[in-house]
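What follows is a single structure, written as C-alpha coordinates, with notes after it.
The values are calculated or read from the model by the stated rules, or taken from the named source; none is laboratory data. Quick caveat, the model's predicted, so the values are computed rather than measured. Heads up, the Cβs are rebuilt from the backbone with ideal geometry, glycines too, and the neighbour counts pull from every protein chain shown.
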(Lines give C-alpha, C1' and ligand atoms only; values in the text may rest on other atoms or scores of the structure.)
Protein backbone atom coordinates (compact mmCIF):
# COMPACT_ATOMS: atom_id res chain seq x y z
CA UNK A 1 0.00 0.00 0.00
CA UNK A 2 1.40 3.43 -1.05
CA UNK A 3 0.41 6.79 0.50
CA UNK A 4 1.81 10.18 1.48
CA UNK A 5 2.44 11.32 5.04
CA UNK A 6 4.29 14.22 6.69
CA UNK A 7 7.25 13.87 9.07
CA UNK A 8 6.55 17.31 10.61
CA UNK A 9 2.83 17.93 10.08
CA UNK A 10 2.82 20.84 12.56
CA UNK A 11 4.23 23.13 9.86
CA UNK A 12 1.00 22.71 7.90
CA UNK A 13 -0.66 25.09 10.37
CA UNK A 14 1.33 27.85 8.64
CA UNK A 15 -1.18 27.53 5.78
CA UNK A 16 -3.60 29.42 8.03
CA UNK A 17 -1.41 32.52 7.56
CA UNK A 18 -2.47 32.59 3.92
CA UNK A 19 -5.95 33.67 4.97
CA UNK A 20 -4.92 37.12 6.34
CA UNK A 21 -2.47 37.45 3.42
CA UNK A 22 -5.35 37.03 0.97
CA UNK A 23 -7.53 39.48 2.88
CA UNK A 24 -4.67 42.04 2.93
CA UNK A 25 -4.10 41.71 -0.83
CA UNK A 26 -7.79 42.15 -1.69
CA UNK A 27 -8.05 45.19 0.62
CA UNK A 28 -4.83 46.74 -0.78
CA UNK A 29 -5.95 46.16 -4.36
CA UNK A 30 -9.31 47.84 -3.83
CA UNK A 31 -7.74 50.74 -1.92
CA UNK A 32 -5.18 51.45 -4.64
CA UNK A 33 -7.61 51.15 -7.55
CA UNK A 34 -7.22 54.41 -9.56
CA UNK A 35 -10.25 56.47 -10.55
CA UNK A 36 -10.92 59.43 -12.84
CA UNK A 37 -13.94 61.64 -13.32
CA UNK A 38 -15.22 62.04 -16.88
CA UNK A 39 -18.24 63.81 -18.31
CA UNK A 40 -19.24 60.88 -20.47
CA UNK A 41 -18.16 57.24 -20.99
CA UNK A 42 -19.04 56.86 -24.63
CA UNK A 43 -15.51 57.68 -25.87
CA UNK A 44 -13.97 55.33 -23.31
CA UNK A 45 -15.96 52.44 -24.76
CA UNK A 46 -14.36 53.12 -28.12
CA UNK A 47 -10.86 52.67 -26.71
CA UNK A 48 -11.09 48.89 -27.09
CA UNK A 49 -10.77 45.78 -25.00
CA UNK A 50 -8.82 45.62 -21.77
CA UNK A 51 -5.12 44.81 -22.37
CA UNK A 52 -3.68 41.41 -21.42
CA UNK A 53 -1.37 43.11 -18.91
CA UNK A 54 -4.39 44.32 -17.00
CA UNK A 55 -6.00 40.88 -17.13
CA UNK A 56 -2.85 39.26 -15.75
CA UNK A 57 -2.14 41.88 -13.11
CA UNK A 58 -2.89 39.38 -10.28
CA UNK A 59 -0.56 36.70 -11.64
CA UNK A 60 2.43 37.89 -9.53
CA UNK A 61 0.45 37.49 -6.32
CA UNK A 62 -0.89 34.07 -7.40
CA UNK A 63 2.61 32.81 -8.23
CA UNK A 64 3.94 33.94 -4.86
CA UNK A 65 0.87 32.48 -3.12
CA UNK A 66 1.41 29.06 -4.69
CA UNK A 67 5.14 29.19 -3.95
CA UNK A 68 4.41 29.85 -0.26
CA UNK A 69 2.08 26.83 -0.14
CA UNK A 70 4.78 24.61 -1.62
CA UNK A 71 7.44 25.98 0.77
CA UNK A 72 5.21 25.16 3.75
CA UNK A 73 4.70 21.63 2.37
CA UNK A 74 8.49 21.27 2.06
CA UNK A 75 8.90 22.32 5.72
CA UNK A 76 6.37 19.61 6.71
CA UNK A 77 8.58 17.00 4.97
CA UNK A 78 6.25 14.94 2.78
CA UNK A 79 7.16 11.25 2.69
CA UNK A 80 5.93 8.30 0.67
CA UNK A 81 5.13 5.21 2.74
CA UNK A 82 5.25 1.73 1.28
CA UNK A 83 3.60 -0.69 3.73
CA UNK A 84 4.32 -4.40 3.48
CA UNK A 85 2.05 -6.71 5.49
CA UNK A 86 3.16 -10.21 6.38
CA UNK A 87 0.42 -12.49 7.75
CA UNK A 88 1.44 -15.68 9.54
CA UNK A 89 -1.26 -18.19 10.46
CA UNK A 90 -1.14 -21.31 12.58
CA UNK A 91 -4.37 -23.16 11.91
CA UNK A 92 -5.92 -26.03 13.83
CA UNK A 93 -6.68 -29.44 12.33
CA UNK A 94 -10.26 -30.47 13.11
CA UNK A 95 -12.19 -33.63 12.27
CA UNK A 96 -15.95 -33.61 12.81
CA UNK A 97 -17.17 -37.16 13.57
CA UNK A 98 -20.90 -37.20 12.81
CA UNK A 99 -23.39 -39.88 13.85
CA UNK A 100 -25.73 -40.69 10.91
CA UNK A 101 -27.77 -43.46 12.51
CA UNK A 102 -31.53 -43.37 11.82
CA UNK A 103 -32.23 -41.85 15.25
CA UNK A 104 -30.58 -38.64 13.97
CA UNK A 105 -33.85 -38.07 12.06
CA UNK A 106 -35.66 -37.52 15.38
CA UNK A 107 -37.80 -34.38 15.35
CA UNK A 108 -36.91 -32.81 18.67
CA UNK A 109 -34.87 -30.41 16.52
CA UNK A 110 -36.20 -28.40 13.59
CA UNK A 111 -36.39 -30.08 11.12
CA UNK A 112 -34.44 -32.96 12.69
CA UNK A 113 -31.17 -33.68 14.49
CA UNK A 114 -29.15 -34.45 11.37
CA UNK A 115 -30.17 -31.38 9.36
CA UNK A 116 -29.55 -29.08 12.33
CA UNK A 117 -26.14 -30.74 12.87
CA UNK A 118 -25.22 -30.04 9.24
CA UNK A 119 -26.45 -26.44 9.41
CA UNK A 120 -24.61 -25.52 12.62
CA UNK A 121 -21.42 -27.31 11.56
CA UNK A 122 -21.42 -25.47 8.21
CA UNK A 123 -21.60 -22.11 10.01
CA UNK A 124 -18.74 -23.24 12.26
CA UNK A 125 -16.62 -24.20 9.24
CA UNK A 126 -17.26 -20.85 7.50
CA UNK A 127 -16.01 -19.04 10.58
CA UNK A 128 -12.60 -20.79 10.60
CA UNK A 129 -10.89 -19.94 7.29
CA UNK A 130 -7.38 -20.71 8.60
CA UNK A 131 -8.09 -24.28 9.74
CA UNK A 132 -7.95 -27.61 7.97
CA UNK A 133 -11.21 -29.41 8.64
CA UNK A 134 -12.43 -32.89 7.68
CA UNK A 135 -15.53 -35.05 8.12
CA UNK A 136 -15.98 -38.62 9.34
CA UNK A 137 -19.44 -40.21 9.42
CA UNK A 138 -20.40 -43.30 11.38
CA UNK A 139 -23.34 -45.66 11.92
CA UNK A 140 -22.61 -49.33 12.52
CA UNK A 141 -19.39 -48.64 10.55
CA UNK A 142 -17.46 -45.46 9.74
CA UNK A 143 -15.68 -43.85 6.82
CA UNK A 144 -14.05 -40.55 5.91
CA UNK A 145 -16.46 -38.39 3.96
CA UNK A 146 -13.83 -35.64 3.52
CA UNK A 147 -10.14 -35.66 4.57
CA UNK A 148 -8.54 -32.58 6.13
CA UNK A 149 -8.87 -29.68 3.73
CA UNK A 150 -8.82 -25.89 3.54
CA UNK A 151 -11.31 -26.03 0.66
CA UNK A 152 -14.25 -25.29 2.91
CA UNK A 153 -16.71 -24.86 0.04
CA UNK A 154 -16.08 -28.44 -1.05
CA UNK A 155 -16.29 -29.63 2.55
CA UNK A 156 -19.67 -27.96 3.13
CA UNK A 157 -21.02 -29.45 -0.11
CA UNK A 158 -19.98 -32.90 1.11
CA UNK A 159 -21.58 -32.12 4.48
CA UNK A 160 -24.87 -31.33 2.78
CA UNK A 161 -24.80 -34.62 0.86
CA UNK A 162 -24.67 -36.68 4.08
CA UNK A 163 -27.86 -38.69 4.67
CA UNK A 164 -29.03 -41.39 7.03
CA UNK A 165 -28.87 -44.80 5.37
CA UNK A 166 -25.44 -44.26 3.78
CA UNK A 167 -24.16 -46.87 6.27
CA UNK A 168 -25.91 -49.77 7.96
CA UNK A 169 -27.84 -48.54 10.98
CA UNK A 170 -26.21 -48.54 14.39
CA UNK A 171 -24.03 -46.35 16.62
CA UNK A 172 -20.34 -47.24 16.59
CA UNK A 173 -18.95 -44.40 18.69
CA UNK A 174 -15.56 -46.08 19.17
CA UNK A 175 -15.17 -46.78 15.46
CA UNK A 176 -16.14 -43.20 14.54
CA UNK A 177 -13.64 -41.75 17.01
CA UNK A 178 -10.95 -44.23 15.92
CA UNK A 179 -11.35 -43.24 12.26
CA UNK A 180 -11.17 -39.54 13.16
CA UNK A 181 -8.06 -40.09 15.29
CA UNK A 182 -6.45 -42.02 12.43
CA UNK A 183 -6.95 -38.99 10.17
CA UNK A 184 -5.24 -36.70 12.68
CA UNK A 185 -2.42 -38.84 14.08
CA UNK A 186 0.09 -37.82 11.36
CA UNK A 187 -1.07 -34.20 11.21
CA UNK A 188 1.54 -31.47 11.71
CA UNK A 189 -1.05 -28.96 12.99
CA UNK A 190 -0.27 -27.03 16.16
CA UNK A 191 -3.49 -28.41 17.62
CA UNK A 192 -5.52 -31.53 16.76
CA UNK A 193 -9.21 -31.66 17.59
CA UNK A 194 -12.10 -34.07 17.12
CA UNK A 195 -15.71 -32.91 17.51
CA UNK A 196 -17.66 -36.12 18.14
CA UNK A 197 -21.41 -35.79 17.78
CA UNK A 198 -23.87 -38.58 18.62
CA UNK A 199 -27.43 -39.01 19.89
CA UNK A 200 -27.27 -42.50 21.37
CA UNK A 201 -25.31 -45.28 23.02
CA UNK A 202 -22.47 -47.35 21.59
CA UNK A 203 -23.98 -50.55 20.18
CA UNK A 204 -21.76 -51.48 17.24
CA UNK A 205 -18.19 -51.50 15.96
CA UNK A 206 -15.03 -53.45 16.73
CA UNK A 207 -13.34 -50.67 18.73
CA UNK A 208 -14.46 -49.78 22.26
CA UNK A 209 -15.03 -46.03 22.71
CA UNK A 210 -12.57 -45.71 25.60
CA UNK A 211 -9.92 -47.57 23.60
CA UNK A 212 -10.39 -45.06 20.79
CA UNK A 213 -10.11 -42.27 23.38
CA UNK A 214 -6.79 -43.70 24.58
CA UNK A 215 -5.54 -43.70 20.99
CA UNK A 216 -6.58 -40.07 20.59
CA UNK A 217 -4.86 -39.14 23.84
CA UNK A 218 -1.64 -40.86 22.72
CA UNK A 219 -1.47 -38.68 19.61
CA UNK A 220 -2.29 -35.46 21.47
CA UNK A 221 -5.80 -35.21 20.05
CA UNK A 222 -8.36 -33.27 22.06
CA UNK A 223 -11.96 -34.55 21.78
CA UNK A 224 -15.05 -32.42 22.28
CA UNK A 225 -18.12 -34.62 22.62
CA UNK A 226 -21.68 -33.48 21.95
CA UNK A 227 -24.77 -35.40 23.01
CA UNK A 228 -27.68 -34.45 20.75
CA UNK A 229 -31.23 -34.90 22.00
CA UNK A 230 -33.89 -33.35 24.20
CA UNK A 231 -34.58 -34.37 27.78
CA UNK A 232 -37.43 -36.91 27.90
CA UNK A 233 -38.99 -38.32 24.72
CA UNK A 234 -38.78 -37.39 21.05
CA UNK A 235 -40.47 -38.37 17.82
CA UNK A 236 -38.02 -40.98 16.55
CA UNK A 237 -38.01 -43.35 13.52
CA UNK A 238 -38.97 -46.84 14.71
CA UNK A 239 -39.62 -48.61 11.42
CA UNK A 240 -39.34 -48.17 7.66
CA UNK A 241 -42.53 -48.55 5.60
CA UNK A 242 -43.13 -48.22 1.83
CA UNK A 243 -44.16 -44.63 2.58
CA UNK A 244 -41.01 -43.83 4.55
CA UNK A 245 -40.08 -43.82 8.21
CA UNK A 246 -42.67 -44.50 10.86
CA UNK A 247 -42.27 -42.27 13.94
CA UNK A 248 -43.16 -42.77 17.56
CA UNK A 249 -42.36 -41.07 20.87
CA UNK A 250 -39.24 -42.77 22.21
CA UNK A 251 -37.22 -41.98 25.31
CA UNK A 252 -33.97 -40.21 24.50
CA UNK A 253 -31.02 -42.26 25.72
CA UNK A 254 -27.53 -40.79 25.46
CA UNK A 255 -24.54 -42.35 27.20
CA UNK A 256 -23.46 -39.08 28.78
CA UNK A 257 -21.10 -40.77 31.23
CA UNK A 258 -19.18 -42.30 28.34
CA UNK A 259 -19.03 -39.02 26.41
CA UNK A 260 -17.81 -37.19 29.52
CA UNK A 261 -15.08 -39.81 30.05
CA UNK A 262 -13.86 -39.47 26.47
CA UNK A 263 -13.71 -35.68 26.76
CA UNK A 264 -11.96 -35.76 30.15
CA UNK A 265 -9.36 -38.33 29.04
CA UNK A 266 -8.33 -36.25 26.03
CA UNK A 267 -8.48 -32.77 27.58
CA UNK A 268 -11.68 -31.82 25.81
CA UNK A 269 -15.15 -30.99 27.06
CA UNK A 270 -18.63 -32.54 26.96
CA UNK A 271 -21.74 -30.65 25.83
CA UNK A 272 -25.43 -31.53 25.72
CA UNK A 273 -27.50 -30.03 22.90
CA UNK A 274 -31.17 -30.11 23.82
CA UNK A 275 -32.53 -27.68 21.20
CA UNK A 276 -31.50 -25.66 18.15
CA UNK A 277 -30.34 -22.63 20.14
CA UNK A 278 -28.25 -24.69 22.54
CA UNK A 279 -26.67 -26.46 19.57
CA UNK A 280 -25.49 -23.15 18.11
CA UNK A 281 -24.14 -21.99 21.49
CA UNK A 282 -22.07 -25.19 21.80
CA UNK A 283 -20.30 -24.64 18.49
CA UNK A 284 -19.74 -20.98 19.38
CA UNK A 285 -18.07 -22.05 22.64
CA UNK A 286 -15.86 -24.58 20.84
CA UNK A 287 -14.95 -21.83 18.39
CA UNK A 288 -13.83 -19.63 21.31
CA UNK A 289 -11.91 -22.46 22.98
CA UNK A 290 -9.99 -23.40 19.84
CA UNK A 291 -8.60 -20.20 18.38
CA UNK A 292 -6.19 -20.19 15.44
CA UNK A 293 -3.08 -18.05 15.83
CA UNK A 294 -2.81 -15.21 13.34
CA UNK A 295 0.20 -12.86 13.41
CA UNK A 296 0.25 -9.69 11.31
CA UNK A 297 3.63 -7.96 10.88
CA UNK A 298 3.62 -4.61 9.11
CA UNK A 299 6.82 -3.11 7.66
CA UNK A 300 6.73 0.55 6.60
CA UNK A 301 9.41 1.95 4.27
CA UNK A 302 9.51 5.77 4.17
CA UNK A 303 11.11 8.00 1.54
CA UNK A 304 11.32 11.82 1.58
CA UNK A 305 9.41 13.38 -1.32
CA UNK A 306 9.99 17.11 -0.66
CA UNK A 307 12.49 17.52 -3.52
CA UNK A 308 9.93 18.06 -6.28
CA UNK A 309 7.87 20.38 -4.10
CA UNK A 310 11.00 22.49 -3.51
CA UNK A 311 11.80 22.55 -7.24
CA UNK A 312 8.23 23.65 -8.05
CA UNK A 313 8.40 26.41 -5.40
CA UNK A 314 11.72 27.68 -6.80
CA UNK A 315 10.34 27.75 -10.36
CA UNK A 316 7.26 29.71 -9.24
CA UNK A 317 9.41 32.25 -7.38
CA UNK A 318 11.72 32.59 -10.39
CA UNK A 319 8.70 33.10 -12.66
CA UNK A 320 7.30 35.73 -10.28
CA UNK A 321 10.61 37.67 -10.25
CA UNK A 322 10.85 37.50 -14.02
CA UNK A 323 7.34 38.92 -14.46
CA UNK A 324 7.92 41.55 -11.79
CA UNK A 325 11.08 42.94 -13.48
CA UNK A 326 9.96 42.58 -17.09
CA UNK A 327 6.29 42.54 -18.02
CA UNK A 328 4.99 44.15 -14.83
CA UNK A 329 8.02 46.36 -14.08
CA UNK A 330 7.07 49.62 -12.40
CA UNK A 331 8.83 52.97 -12.74
CA UNK A 332 10.00 54.46 -9.43
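Just checking, does the range 159-174 include any residue being within 20 Å of residue 265 (Cα to Cα), in contact with a strand residue (DSSP E or B) (Cβ under 8 Å, 6 or more places away or on another chain), assigned to a helix (DSSP H, G or I) and assigned by TED's automatic domain parsing to the domain that holds residue 203?
yes
Is the range 124-135 home to any residue that is outside any strand (DSSP E or B) and without any contact (Cβ under 8 Å) to a residue 24 or more places away in the chain?
Yes, the range 124-135 contains at least one residue that is outside any strand (DSSP E or B) and without any contact (Cβ under 8 Å) to a residue 24 or more places away in the chain.
Could you pull out every one of the strands (runs of 3 or more DSSP E) wholly within the range 222-304 that has 3 or more residues that are in contact with a helix residue (DSSP H, G or I) (Cβ under 9 Å, 6 or more places away or on another chain)?
Of the strands (runs of 3 or more DSSP E) lying wholly inside the range 222-304, those with at least 3 residues that are in contact with a helix residue (DSSP H, G or I) (Cβ under 9 Å, 6 or more places away or on another chain) span 233-241, 244-251, 270-273.
Here's the yes/no breakdown for (1) at pLDDT 95 or above; (2) on the phi < 0 side of the Ramachandran plot; (3) surrounded by 14 or more Cβ atoms within 10 Å (Cβ to Cβ):
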| residue | (1), (2), (3) |
| --- | --- |
| 240 | no, yes, no |
| 258 | yes, yes, yes |
| 288 | no, yes, no |
| 296 | no, yes, no |
| 303 | no, yes, no |
| 309 | no, yes, yes |
| 312 | no, yes, yes |
| 320 | no, yes, yes |
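Give the residue that is nearest to the chain's Cα centre (by Cα), with candidates limited to residues of the range 180-200 that are farther than 21 Å from residue 91 by Cα and modelled with pLDDT of 95 or more.
Of everything passing the filter in the range 180-200, 197 is nearest to the chain's Cα centre (by Cα).
Can you tell me which of (1) at pLDDT below 95; (2) assigned to a strand (DSSP E or B) is the one residue 206 doesn't meet?
The failed condition is (2).
Please find, among 149, 171, 88, 144, the residue that is over 17 Å from residue 287 (Cβ atoms), modelled with pLDDT of 95 or more and surrounded by fewer than 22 Cβ atoms within 10 Å (Cβ to Cβ).
144
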